[in-house]
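The values are calculated or read from the model by the stated rules, or taken from the named source; none is laboratory data. The model shown is predicted, which means the values in this text are computed figures rather than measured ones. Cβ sites come from the backbone with ideal geometry, for glycine too, and all protein chains shown count toward neighbours.
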Amino acid sequence: MQKLRSTFPSFLTSIINSYTQIFFSNNRIFALILIAVTFFDFWAGLSGIIAVMVSNILAYLIGFNRINIKKGYYGFNSLLVGLGLGVYYQPGLEFFIILLFASLLTLFLTLMVEGVVGKYGLPFLSLSFLLGTWAVSLAARQFTALHVSERGIFMTNEMFIMGGQTMVNSYNWLTNLGIPEPLRLYFTSLGAIFFQYHLFAGILIAIGLLIYSRIAFVLSLLGFFSAYAYYNFIGADIHELSYSFIGFNFILTSIAIGGFFIIPSRWSFLWVILLTPLISIILTSTQLIFSMFQLSVYSLPFNMVVLLFLYALKFRERFFDKPELVSYQQYSPEINLYSHINYRTRFGKAHYYPFVLPFWGEWKVTQGHDGTLTHQGDWRHAWDFEIADEKGKTFSGKGSEREDYFCYNKPVVAPADGRVEEIVDSIDDNEIGNMDLEHNWGNTIVLKHADQLYSKLSHLKKGSCKVTAGDAVKKGQVIARCGNSGRSPVPHIHFQIQQTPYIGSKTLDYPISQFIHHKPGIFELRSYENPENGIIVSNVSRNASLEKAFHFIPGQKFTLDVKPEVEKEYTLEWEVEISPVNTSCIYCKKTNSRAWFRNDGDIHYFTHFEGDRSSLLFRFFLGAYKIMLGYYPDLLVKDTYPVYTFSNKILGLLQDFIAPFILFLKADYSLNYIGMEDELMQTGIRLRSVSKATFGGREMKRMECEMFISPQGLERFVIKENSKTTQVKLVADR
């Protein structure tokens, strides 16, 4: 038994997912419905499941990718081939032998098609089903031992065999229900995807589709009824949709384009409508060609339109979000959408190279972008920085000497890792009020950080440069001192980011990755923004205790003593894991849950959660969602969760239907730095976070988490939820 499990891991899952992959899903309830539907014709259902099992067993034994097998990638095309052959031919020994080899052929065709279209970054869809079915259908005309099935002619008799008189009565009731013809055609087209050409099958599939995804269900309606309206509008033969109920091509295309391969949005919905005529043209034209060989086009129009459209999108040079391709597939249009919105909100600018401010301590922005003095035209995206006291003055005494200015001779640091591209260090510093118009930028260092990405620091003190051209520098390394050279009447640092390596290059509108905005009595963390004129800013000053608390190392293990308010105490173990693509998570073996995170040195983020949402790990994920690793009294950090994180189920379902157009649910996170026991030693830190879900400003769910940080790291945390308190102590960290 153990050998079988190691040879065929997740075998049952691979079977189940082979059914739902046809609808781009991995929902188990949906899978059970689809399996039941295929057995409305028993021999078709049996043929389908045999084909899936044969393909998956062979895929395991040959040694194909186990993850792909588990997801059903190598099974769903064989399933369709098995269903199609099972419906068309009478069962018998000869038939099942041919079915085995048809399954093997489809598996090989799947791999071939995957290799051909996969190199263009495209999905192989159901192309191997088409090739396999056509090949077997043509060859079978020479197989005299195969006989065409007569099942489906007397549907009532077959319903009686499946479920007795109750099934017959249910079937007759649905048939005579008086459902409008377009809706009847929609349901029957859904059933036709699994070669079940009757209303009952389609209704069950529609229910399963609704359970799996509200967006996919809406898209299926949009795709089919757009086609129905189009056929009526142009005067085409509406019966073409009922010929083998081939209208399912519009349904599958709408789900694929509207919500699976593309982030659901008003743009994806618009493209579903715009692609309808293309499907119709391909459907009509290919039917004429294939009818010459007495073959059905099956899902050929769906495959052609989806692949053509996805391929066309790869040639875009702009408008990448109209529509936007899914970058990380989560097999749910809703989760794809909500995760995308959340990621764009949290990390939408994280693709920028991470620049910090080029100094230590707190400085004032004395001229920002589009300044009134010199930051204009091609040089408008720049900053001037000086040090100011509590009254806003930038100098002491009369301010007549360079040394009177607080910023003069202060260290200037590299804003990011890079290499010294160009340097000037020999220009005299001006007397206060004077300017050197001949040498506009004064003493300057240009650093290269990436291709077409440079930073420039100007008006430096003569002879203060600590680096030479070609030197490698690290972020935060002292490279010079603040001076008053060039076109500079008073000491200050001029800082800009540019695309070319020359002194005097045009500026580039580029944000600072993380900085603290100092307001009177308030600290505010700002990410990937441009500091405005007149504000006081500083880099994040890291706290050693916070750094240790949230510096999770792969292989690190935690033992936690958990004391719920009313339940029995228990112990948990968590371990830090790293994936093959270098993403990290905290793993709880007891609940088989993972909280994925990232740490950029200044901020710890949890990015997403997989597993048991009633687990302690999920609550820690919520409570420590975003932690800045510097301590600032009363600092408030804000963030947002994906909508689905912990919303009301009924409202969540309603939200799903209109999510591509509007969000009325919100899930927010806030973190307060509420205290430090020893400010001199920077230890004994307390943090309190609030996680809540709201509807129209009204709070629906709330959770509080208080964390206690010692020099040894995270010591304990307390969770308050639904009037219950859970205390957690870390008793081991190794």
Requested in this report: Select, from 521, 504, 463, 486, the only residue that is surrounded by 17 or more Cβ atoms within 10 Å (Cβ to Cβ) and at positive phi.
Outcome: 486
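Counting just the residues of segment 655-689 that are closer than 16 Å to residue 628 by Cβ and hydrophobic (A, V, I, L, M, F, W, C), which one comes out modelled with the lowest pLDDT?
First, pick out the residues of segment 655-689 that are closer than 16 Å to residue 628 by Cβ: 669-676, 682, 685-689.
Subset that is hydrophobic (A, V, I, L, M, F, W, C): 671, 674, 676, 685, 687.
Details: 671: 94, 674: 87, 676: 72, 685: 90, 687: 94.
If we take residues in segment 655-689 being closer than 16 Å to residue 628 by Cβ and hydrophobic (A, V, I, L, M, F, W, C), then 676 is modelled with the lowest pLDDT.
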Report task. Using the structure shown, decide if residue 439 is under 30 Å from residue 603 (Cβ atoms) and not aromatic (Phe, Trp, Tyr). Result -> no
Query raised in the report: Within segment 320-335, which residues are surrounded by 14 or more Cβ atoms within 10 Å (Cβ to Cβ) and either assigned to a loop (DSSP other than H, G, I, E, B) or over 10 Å from the mean Cα position of the chain (by Cα) (or both)?
Result: 323, 324, 325, 326, 330, 331, 332, 333, 334
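Could you look through segment 50-93, keep only residues that are among the aromatic types (Phe, Trp, Tyr) and in a helix (DSSP H, G or I), and pick out the one that is nearest to residue 16 (Cα to Cα)?
Step one: list which residues in segment 50-93 are among the aromatic types (Phe, Trp, Tyr), which gives 60, 64, 73-74, 76, 88-89.
Remaining after also requiring in a helix (DSSP H, G or I): 60, 76, 88.
Working: 60: 16, 76: 10, 88: 24 Å.
So, considering only residues that are among the aromatic types (Phe, Trp, Tyr) and in a helix (DSSP H, G or I), the one nearest to residue 16 (Cα to Cα) is 76.
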Report task. Mind listing just one residue for me: the one in segment 94-109 that is in contact with a Gly (Cβ under 9 Å, 6 or more places away or on another chain) and in contact (Cβ under 8 Å) with a residue 40 or more places away in the chain and, of those, farthest from residue 22 (Cα to Cα)? Result -> 95
Report summary line: Considering segment 39-49, residues that are in a helix (DSSP H, G or I), in contact with a Gly (Cβ under 6 Å, 6 or more places away or on another chain) and at pLDDT below 95, and then whichever is surrounded by the fewest Cβ atoms within 10 Å (Cβ to Cβ), we arrive at 43
Report task. Could you list, in sequence order, all residues of segment 614-635 that are charged (D, E, K, R) and surrounded by 15 or more Cβ atoms within 10 Å (Cβ to Cβ)? Result -> 619, 626
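Within the group 285, 291, 299, which residue is closer than 16 Å to residue 245 by Cα, over 37 Å from the mean Cα position of the chain (by Cα) and hydroxyl-bearing (Ser, Thr, Tyr)?
Details: 285 fails: closer than 16 Å to residue 245 by Cα; 299 fails: over 37 Å from the mean Cα position of the chain (by Cα).
On inspection, the qualifying residue turns out to be 291.
Name every residue in segment 111-151 that is over 35 Å from the mean Cα position of the chain (by Cα) and in a loop (DSSP other than H, G, I, E, B), in order of residue number. Quick ask: steps written out before the conclusion?
So the first thing to find is which residues in segment 111-151 are over 35 Å from the mean Cα position of the chain (by Cα), and the list is 133-151.
If the condition is that a residue be over 35 Å from the mean Cα position of the chain (by Cα) and in a loop (DSSP other than H, G, I, E, B), then 141, 142, 143, 144, 145, 146, 147, 149, 150, 151 are the ones that fit.
Which ones in segment 353-372 are free of Cβ contacts under 8 Å to residues at least 60 places away in the same chain and touching a Lys or Arg at 6+ places or on another chain (Cβ under 7 Å)? Can you show your working first?
Quick first cut of segment 353-372, residues free of Cβ contacts under 8 Å to residues at least 60 places away in the same chain only: 370, 372.
Residue satisfying the conditions is 370 alone.
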Query raised in the report: Just one of 350, 388, 416 is in contact (Cβ under 8 Å) with a residue 60 or more places away in the chain, over 38 Å from the mean Cα position of the chain (by Cα) and either exposed (fewer than 14 other Cβ atoms within 10 Å of the Cβ) or in a loop (DSSP other than H, G, I, E, B) (or both); which is it?
Result: 388
Query raised in the report: Of the numbered conditions (1) assigned to a loop (DSSP other than H, G, I, E, B); (2) at pLDDT 95 or above, residue 108 satisfies every one except a single condition; which is it?
Result: (1)
Report summary line: Filtering segment 436-454 down to residues that are over 13 Å from residue 492 (Cα atoms) and part of a loop (DSSP other than H, G, I, E, B) yields 436, 437, 438, 439, 440, 451, 452
Requested in this report: Select from segment 527-569 the residues that are more than 30 Å from residue 357 (Cα to Cα) and surrounded by 14 or more Cβ atoms within 10 Å (Cβ to Cβ) and list them in ascending order.
Outcome: 556, 558, 559, 560, 561, 562, 563, 564
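Within segment 262-288, can you find the residues that are of a type in the set (S, T, N, Q) and closer than 26 Å to residue 658 by Cβ? Quick ask: steps written out before the conclusion?
Taking segment 262-288 as the starting set, the residues that turn out to be of a type in the set (S, T, N, Q) are 265, 268, 276, 280, 284-287.
Answer for segment 262-288, where residues must be of a type in the set (S, T, N, Q) and closer than 26 Å to residue 658 by Cβ: 265, 268, 276.
Taking strands (runs of 3 or more DSSP E) that do not extend beyond segment 600-642, which have at least 2 residues that are over 19 Å from the mean Cα position of the chain (by Cα)?
Answer list for segment 600-642: 626-628, 636-640.
State yes or no: is residue 670 in contact with a helix residue (DSSP H, G or I) (Cβ under 6 Å, 6 or more places away or on another chain) and either closer than 25 Å to residue 593 by Cβ or assigned to a helix (DSSP H, G or I) (or both)? I'd like the intermediate steps shown before the answer.
On the way: in contact with a helix residue (DSSP H, G or I) (Cβ under 6 Å, 6 or more places away or on another chain): no; either closer than 25 Å to residue 593 by Cβ or assigned to a helix (DSSP H, G or I) (or both): yes.
Answer is no for this residue.
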Report task. Identify, by number, the condition in (1) under 19 Å from residue 659 (Cα atoms); (2) modelled with pLDDT of 95 or more that residue 340 doesn't meet. Result -> (2)
